[in-house]
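In what follows, a structure is listed as structure tokens, so that the remarks can point back to it.
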Amino acid sequence: SLRLQPLEAFYWAVQLIGRLVGLVLLVATLLAVFNFSFGIRRLYIRILLHLFEQAVEKRRPPSRKESSDNLSRDNRLIQRHAKLTTEGIELLHADCASSDDPSKASTSSQKRPFHLSDLCVFVQSGIESIIEDEVTKRFAAEDLASWNLLTRTNKYQFISSRLTCYWVLGCFLRYCILFPFRMLLALTAVLYLVIGSLIIALLPWPGLRRYLNSILTPTAFRLFARAFSAVLRFHDVENMPQNNGICVANHTSPIDVVVLGCRQVFSIVGQSHGGFTGFMQKTLHRTSPHIWFERSESSDASVVKRKLEEHVSTPGLPPVLIFPEGTCINNTSVMMFRKGGFEAGGVVYPVAIKYDPRFADCFWNSSACGMVTYLFMMMTSWAIVADVWYLPPQIQQEGESSRQIAGRGGLVDLQWDGNLKRSKPKSSLQEQHREAFRKRIYGLSVTDQMEGSGAG
Amino acid sequence: MGSVSSLIPDENQIKDIQEETGLSKEQLQRLNSRFIALDKQSEGSLRREDLERIPELYVNPVSQFLLDAFFRDRNEINFLEFVKFLATFRPVDEGRPTSINRREAKLRFLFDMYDLDRDGVISVDEVHRMLEELLGRHGRPDQVLSIARRIVHEAALDYAAANGVAEMPSGGQIDSIDFPAFEHAMRNVSDHQLSICFLS
């Protein structure tokens, strides 16, 4: 009987743990359903931040701001001479050299003949932008102050033994303690969604189905969010997308869907996949219309456009969720959509999502790792901290929603970037710079005398 | 992550790089962070696409020429090459005429940007190409071509005159200039216009 006791105790312990875990999962589900939070995750985030600052030697004092809308540090590496912005070429007088150069800026309004050295300002601006540009700077800035003890983001810190120790502890915490629990939460969320959707799909009344789905889907997503220890902050909620609207969001990560889906039901536009993603797509589709299209269809812009128009004009349908930069949407479709898609009269709701890079590296390199690997990486990061801004709705004009989104600090150029890569004729910004350059060069307007030596 | 080691230069390497480029340790660290930020695929080296991803560079009308000259003989740049390139554009150090950032090196890069076929001379066609790129559809083709011709011809004449050659052997149009002629044409360009101002 002495032998049996340890075994009994073991079984008893397992049962207890099992019950505890089950209880916690149940509580988590209930919390998700009722959208209530004990604030544990927020506390966790605060502790983490505190730890990061303690553990790592600071390079320069970080700005102490609560929100992740951290403003650019004024620590520049170079003094810019010339910047190409949306307003044109900005020439800045820089007198870092001992001799002050009467810069060409003062004569920029005068026309003069082209000279081989006219290249210089563009070359300067080009090389300067390689060193430092507004976009990448904002994201890198947050990394500089401290290392967040994730291997994948540690690329430049020289590791001391103290740091290594913290890192090992961190690994243990993330992989052995947090991850299994998060995995269970995620599985619970999937189960909850699948079973819930199966039940709802059986009911004969569309109205009731819609109502129940409006409870089921957001709560399932909230549960998912908990599986990532997500701390989400929503701003300007009065601008939340309404039915039959079109929600345009910048795309950083597949998690965007979860983040936005926590608050409301969307009809997601996307390419149908196989595997786990495909399974989730089918599950979601059971209870609410989404717009999935086949790979072959994605190259046919009119198909996508038609489906979108149909959706937007049918009253009572949830707003459409589009990620213009998402790799699942073919370039030409988006171009076509942006130009003509809004003739259907859909109101556009731009949304900006920004992730705090201190807690997780949300960039998904789809060629390097698949969805499941990516989710694993997210679940073994510290947390997902995101800010969501609901921008004022508008009737779309070409390129306008991008500019709107561009107004938010830190996101300027995510959308801008997407635009630039999209358009096949070179972007209008480039044309703008060319026009400005032409204006400075004598001999290139219709009314000017024709330049050139007679021998030509 | 086998390339991680190439991303973080060790102490000795840093000293060498400092010596060669004239950049401080702090500046090198900043550039290292920048390099890593640009290196999205974490390969330990930068490709053309990594740089094209910079929006401000993308809208630059001469970006293709710049990148062509930058990636002239290679497909990717490691950190050392990256830093050496950038250091070339540091303002000239008066006391070190043969250093990496001498005027000739800067002008050589500009020359390379024009000289697309790498034959060691800038031809009228090449100036024409550059002008076309700078002007886009805003320049009339005939005007642009004649401007290109004028530029090359005048630069060649200028250089010949400065070297005491009063008349060109063949009386017609000159359609290319070599590096010394280019250097001469750029003689009034200050170092300030050719350099990047690094803050310490």
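The values are calculated or read from the model by the stated rules, or taken from the named source; none is laboratory data. Being a predicted model, the structure only gives us computed values, none of them experimental. A quick note on method: Cβ atoms are made from the backbone with ideal geometry, for glycine too, and the neighbour counts reach across all protein chains shown. Only protein heavy atoms, including side chains, enter the accessible area calculation; ligands, DNA and RNA are left aside. Shrake-Rupley method; radii C 1.70, N 1.55, O 1.52, S 1.80 Å.
Against the condition in a helix (DSSP H, G or I), at pLDDT 55 or above and open to solvent by 40 Å² or more (accessible area, probe 1.4 Å), how does residue A:165 come out, does it pass? Considered against the rule, which asks whether it is in a helix (DSSP H, G or I), at pLDDT 55 or above and open to solvent by 40 Å² or more (accessible area, probe 1.4 Å), residue A:165 comes out as yes. What about residue B:183, is it open to solvent by 60 Å² or more (accessible area, probe 1.4 Å), within 13 Å of chain A (Cβ to nearest Cβ) and modelled with pLDDT of 85 or more? Criteria met by residue B:183. Cβ separations smaller than 8 Å between residues 6+ apart or across chains give the following pairs from the stretch B:138-159 residues that are part of a helix (DSSP H, G or I) to residues that are open to solvent by less than 20 Å² (accessible area, probe 1.4 Å) and among the charged types (D, E, K, R): B:138/A:434. The residues in the stretch A:112-123 that are more than 7 Å from every other protein chain (Cβ to nearest Cβ) and either under 14 Å from residue B:66 (Cα atoms) or assigned to a helix (DSSP H, G or I) (or both) can be counted, and the count is 2.
On the basis of being of a type in the set (S, T, N, Q), more than 9 Å from every other protein chain (Cβ to nearest Cβ) and either open to solvent by less than 20 Å² (accessible area, probe 1.4 Å) or within 22 Å of residue B:93 (Cα to Cα) (or both), does residue B:33 make the cut? Criteria not met by residue B:33.
Out of B:72, B:47, report the one residue that is in contact with an Asp or Glu (Cβ under 7 Å, 6 or more places away or on another chain) and surrounded by fewer than 16 Cβ atoms within 10 Å (Cβ to Cβ).
Answer to the check: B:72.
So, of the residues in the stretch B:74-95 that are without any contact (Cβ under 8 Å) to a residue 12 or more places away in the chain and more than 22 Å from residue B:40 (Cα to Cα), which turns out to be farthest from the other protein chains (Cβ to nearest Cβ)?
B:95
Of the residues making up the stretch A:233-257, those that are open to solvent by less than 20 Å² (accessible area, probe 1.4 Å) and at pLDDT 85 or above are A:241, A:255, A:256.
Confirm whether residue B:139 is surrounded by 17 or more Cβ atoms within 10 Å (Cβ to Cβ), at pLDDT below 85 and facing chain A (nearest Cβ under 8 Å). Yes: the conditions hold for residue B:139. When the residues of the stretch B:36-52 are filtered to those that are facing another protein chain (nearest Cβ under 9 Å) and more than 17 Å from residue B:86 (Cβ to Cβ), the one that is nearest to the chain's Cα centre (by Cα) is B:52.
The rows are residues; the columns are (1) small (Gly, Ala, Ser); (2) in contact with a Ser or Thr (Cβ under 6 Å, 6 or more places away or on another chain).
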site	(1), (2)
A:173	no, no
A:184	no, no
A:194	no, yes
A:204	no, no
A:214	yes, no
A:219	no, no
A:226	no, no
A:230	yes, no
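Name the residue that is modelled with the lowest pLDDT, counting only residues in the stretch B:65-101 that are of a type in the set (Val, Ile, Thr) and over 12 Å from the mean Cα position of the chain (by Cα). If we take residues in the stretch B:65-101 being of a type in the set (Val, Ile, Thr) and over 12 Å from the mean Cα position of the chain (by Cα), then B:98 is modelled with the lowest pLDDT. Does residue A:325 qualify as being open to solvent by 40 Å² or more (accessible area, probe 1.4 Å) and either at pLDDT 80 or above or over 30 Å from residue A:181 (Cβ atoms) (or both)? Criteria not met by residue A:325. Annotation note: of B:83, B:62, B:124, the sole residue that is buried (at least 18 other Cβ atoms within 10 Å of the Cβ) and more than 24 Å from residue B:183 (Cβ to Cβ) is B:83. Among the numbered conditions (1) touching a strand residue (DSSP E or B) at 6+ places or on another chain (Cβ under 9 Å); (2) surrounded by 19 or more Cβ atoms within 10 Å (Cβ to Cβ), the only one that residue A:218 does not meet is (1). Mind listing just one residue for me: the one in the stretch A:373-409 that is β-branched (Val, Ile, Thr) and part of a strand (DSSP E or B) and, of those, modelled with the lowest pLDDT? It comes out as A:395.
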